[in-house]
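Have a look at the structure below, then the notes.
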Amino acid sequence: MGSVVPRLTQPYDVAAMDAAFREEGAVVLSGAYSGEECDTYVTQVQKYLAENPEEAEYAANSLLAQFQGDTSVTLHQLIGAIPSATDMVLHRDIVNAARRLLKPLSDTILLIIAEYMGRKPGAPRQELHRDTFSWRHAPYGENPIALSVMCAMSDFTAENGATWVVPGAHSGSPIDPPPDWSEAAQVEMAKGDALLFRQDLFHAGGANTTEADERHILSFGFQVGWLRPVENSLLSVPPETIAELPPELQELLGYSHELVLGLYKGGDPRNALKA
């Protein structure tokens with residue numbers, strides 16, 4: 001297994017990106033978002049949480065919170081709640097990468113999740129894991145079923161808990177024993193960088209050992225169109241909100257179909273938005 005995650009600068013080399021997914025299982029897109037986009041996103045999230053304290057409380061007591069811990073602040077289902085999230089999730093290079101990566105197993109893709117995470121000082125290091133555990137009954141091999149996107153909305157440093165990955169530790173089952181930590185590499189990123197990795201890659205959030213440096217994260221991902229997503233967007237985002245979103249985002253939220261899977265009254269799910 002290797003020890004370095006490739007880093008690409010704009011304009012991103014598609015062939016190099018695809019090779020990184022095959023070989024290391026991950027790639028960093030430097031400068032995927034501008035500093036202004038990052039600041040706007042964090043400001044909007046903080047404003048939303050301040051104005052909707054019940055959402056913060058709900059997230060803190062959610063099923064996912066049991067994994068993320070009480071030293072993390074989270075906000076789930078950003079679409080429809082955080083205005084800047086729409087364009088950030090639809091980042092052209094990232095969506096195109098997901099479509100290429102998942103194409104061998106699916107003609108359509110879905111948004112797995114779109115969430116904010118704030119990893120506060122004192123947040124512990126996670127155990128090495130694969131994000132595919134909920135789909136542990138699916139077949140695993142050369143082609144992945146999902147892609148994670150971890151975006152640095154503030155600098156990711158070794159001290160504030162930058163993500164750890166094990167380059168090359170992909171293509172296996174989520175119930176495989178994790179590699180030794182000696183094989184892991186910590187992926188430090190500047191604000192605006194994005195780490196893309198196959199969800200069958202062993203990885204972990206790092207420990208935030210600082211006194212006051214909260215790590216701000218935009219986390220989302222894409223999966224094959226025939227699996228059940230983590231976030232149930234059809235329940236979380238009202239139809240009237242979805243009707244105003246770009247058609248591609250409607251598709252990613254579930255208003256699409258994989259052959260005859262996901263139909264609305266036997267037809268295109270978007271017809272439900274016209275009813």
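The values are calculated or read from the model by the stated rules, or taken from the named source; none is laboratory data. Just so you know, these numbers come straight off a predicted model, no measurement behind them. Here Cβ is always computed from backbone atoms with ideal geometry, including for glycine, and neighbour counts include all displayed protein chains. SASA here: full protein model, heavy atoms, side chains in, ligands and nucleic acids out. Shrake-Rupley method; radii C 1.70, N 1.55, O 1.52, S 1.80 Å.
Listing for the model above:
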| read-out | value |
| --- | --- |
| Whichever residue in the stretch 126-184 is buried (at least 17 other Cβ atoms within 10 Å of the Cβ), in contact with an Asp or Glu (Cβ under 7 Å, 6 or more places away or on another chain) and polar (S, T, N, Q) and, among such residues, is farthest from Val42 (Cα to Cα) | Thr132 |
| Search result, residues across the stretch 194-226 that are over 19 Å from Gly118 (Cα atoms) and either buried (at least 20 other Cβ atoms within 10 Å of the Cβ) or without any contact (Cβ under 8 Å) to a residue 40 or more places away in the chain (or both) | Phe197, Arg198, Gln199, Asp200, Leu201, Phe202, Phe222, Gln223, Val224, Gly225 |
| Filtered residues of the stretch 6-38 (kept if within 16 Å of Met150 (Cα to Cα) and open to solvent by 70 Å² or more (accessible area, probe 1.4 Å)) | Arg7, Glu37 |
| Checking His170 against (1) over 14 Å from Val28 (Cβ atoms); (2) assigned to a strand (DSSP E or B), the condition it does not meet | (2) |
| Filtered residues of the stretch 121-166 (kept if β-branched (Val, Ile, Thr), assigned to a loop (DSSP other than H, G, I, E, B) and under 16 Å from Asp193 (Cβ atoms)) | Thr157, Thr163 |
| Any hit, the stretch 99-120, residues being open to solvent by 20 Å² or more (accessible area, probe 1.4 Å), under 18 Å from Ala204 (Cβ atoms), assigned to a loop (DSSP other than H, G, I, E, B) and not β-branched (Val, Ile, Thr) | yes |
| Sole residue being part of a loop (DSSP other than H, G, I, E, B) and of a type in the set (Asp, Glu), chosen from Glu244, Glu240 | Glu244 |
